[in-house]
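Below is one structure, written out as structure tokens; the observations come after it.
Derivation of every value follows stated rules applied to the coordinates shown; laboratory data play no part. Not measured: the values here are computed from a predicted model. With ideal geometry, Cβ positions are generated from the backbone for all residues, glycine too; neighbour counts draw on all protein chains shown.
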Amino acid sequence: MQLIMLGAPGAGKGTQAKKIAEKYNIPHISTGDIFRANIKNGTELGKKAKTYMDQGLLVPDELVVDLVADRLQQEDAKAGYVLDGFPRTIPQAESLDAALAKMGTKIDYAIDVEVPDENIINRMSGRRACVKCGATYHLEYAKPKADGVCDMCGESLILRDDDQPETVKKRLGVYHDQTQPLIDYYSGQNVLKEVDGTKDMNEVFADIVAILGE
Ligand code: AP5
Ligand code: MG
């Protein structure tokens, strides 16, 4: 099963991708998580990516495309994967299609998690993230067992640098300009599925399972 998650920042792509990965036993590949791990480890890629991410801008396509193409060649991705945060521009989608065509395969579904902009700012200000393992929480909707501590690995939880309200507004603008056109792109390939991301996260997941099958 080869899946793409589409949706605005904070729509719940990561939340749903983790559940999908667990249920269908496929890797969750999040370009945002890969960049954040690189920033944490002080790599050259991380240094480059941080300057864009902190401003709410997209990292240039050339820093992302090869990285994902390489990741998809790894052994654990043979049985499928759920891509979260990639592709994010039409050129990224075209290079993904080209890389998959070379491998003799294609995307099964692009799942668009729909949430209106009005709901997004509130969601982001309550999000807390673990920089070590990538787990995501929410102060109201998905509380960790102990305040400020990751349930999975015990690391402290943080408010992401790019979750300040002004940066979230910028990211939403970038999403509408550069990423939303992918909805038509995948609709044209007959692989687009839309789910209502304003529902409770377990209901959203049930809607996704109804699409993918048990
Ligand atoms: P990335 O990390 O991908 O961020 P994003 O797309 O902005 O999305 P988020 O991770 O913020 O939101 P999400 O949809 O995953 O929501 P979540 O599940 O956490 O990218 C960050 C940056 O990296 C980009 O801005 C860019 O600079 C760069 N980048 C990454 N990939 C790139 C690429 N391909 N090309 C170029 N640049 C790239 O949920 C949000 C919150 O809401 C959580 O607290 C969650 O608990 C809560 N929540 C989730 N679902 C629900 C629900 N149904 N009801 C209530 N609360 C919910
Ligand atoms: Mg995410």
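Numbers below:
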{"quantity": "Total residues in region 95-150, condition in contact with a helix residue (DSSP H, G or I) (Cβ under 6 Å, 6 or more places away or on another chain), over 16 Å from residue 82 (Cα atoms) and assigned to a loop (DSSP other than H, G, I, E, B)", "calculated": "3"}
{"quantity": "Lone qualifier among 93, 79, 142 - being in contact (Cβ under 8 Å) with a residue 40 or more places away in the chain and buried (at least 19 other Cβ atoms within 10 Å of the Cβ)", "calculated": "93"}
{"quantity": "Lone unmet requirement of (1) farther than 15 Å from residue 32 by Cβ; (2) part of a helix (DSSP H, G or I); (3) among the polar types (S, T, N, Q) for residue 167", "calculated": "(1)"}
{"quantity": "Cβ-Cβ under 6 Å pairs, at least 6 apart or on other chains, region 10-35 side closer than 14 Å to residue 134 by Cα, far side in a loop (DSSP other than H, G, I, E, B)", "calculated": "12/197; 13/7; 30/85; 31/85; 31/86; 32/85; 33/134"}
{"quantity": "Complete set of residues in region 135-162 that are of a type in the set (Gly, Ala, Ser) and out of contact with any Leu (no Cβ under 8 Å at 6 or more places or on another chain)", "calculated": "135, 142, 146, 154, 156"}
{"quantity": "Any hit, region 36-48, residues being surrounded by 16 or more Cβ atoms within 10 Å (Cβ to Cβ), closer than 30 Å to residue 203 by Cβ and within 16 Å of ligand 2 (Cβ to nearest atom)", "calculated": "yes"}
